[in-house]
Amino acid sequence: MPPKPEPPSNEDCCMSGCEFCVWDLYDEDMREYQKHATKAREAFEAQGKVVPEQLRPENLRDSMDPSMRAFLDMEREMAMKIQQEEENNDNGD
C-alpha cells in the first residue's frame with residue numbers, strides 16, 4: 001500500500017486555476033490511497049483481524065482545507081462543463 005499523501009502547503013498553490021494544480025494532484029493521490037486502504041481494511045475484516053488505526057475510515061479523510069475543497073470542486077465542475085460543451089460542438093449540436 002502506498003504511504004498516505006502529504007497535502008501541499010498553502011504556499012505551493014498560486015490559486016490561479018492551473019490545469020494541474022498541486023491540490024488536484026494531492027486529491028488524486030489521496031483517492032488512490034483511500035482505495036488501497038479500503039481494500040486492506042476489508043481484508044483485515046474478512047479475516048476477523050483487528051483493523052489497524054491508520055486504515056479506519058475516520059483516518060482516511062484528506063487534510064484539505066474546506067475552502068480549498070470547495071474551490072477544487074468548482075474548478076472540476078467548470079472543466080467538465082467546458083469539456084461537455086466542446087464535445088457537443090464537435091458533434092454538431
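Miscellaneous remarks
- Accessible surface area normalised per residue over the chain is 74 Å², counting heavy atoms of protein chains with a 1.4 Å rolling probe.
- Per-residue extension of 0.36 nm, minus the Cα-Cα distance of Asp65 and Glu86, leaves a gain of 4.4 nm for this segment.
- Cα Rg, Dmax (largest Cα-Cα span) when computed across region 14-93, Å: 17.9, 57
- Hz values of 3J(HN,Hα) by residue in region 70-82 - Karplus curve (6.51, -1.76, 1.60), Gly and Pro given as x: 5, 4, 5, 4, 5, 4, 5, 5, 5, 5, 5, 5, 4
- Computed over protein heavy atoms with a 1.4 Å probe, the carbon and sulfur contribution to the accessible area of the chain reaches 50%.
- On Cα atoms only, tilt of 22-46 relative to the major axis of the chain in degrees: 30 degrees
- Straight-line cross-link partners of Lys4 among the aspartates and glutamates, defined as a Cα under 19 Å from its Cα and at least 8 positions apart when in the same chain: Asp12, Asp24, Asp27, Glu28, Asp29, Glu32, Glu42, Glu53, Glu58, Asp62, Asp65.
- Share of Cα-Cα pairs in region 1-50 lying beyond 18 Å, as whole percent: 46 percent
The values are calculated or read from the model by the stated rules, or taken from the named source; none is laboratory data. Being a predicted model, the structure only gives us computed values, none of them experimental. For accessibility, only protein heavy atoms count, side chains too; no ligands or nucleic acids. Shrake-Rupley method; radii C 1.70, N 1.55, O 1.52, S 1.80 Å.
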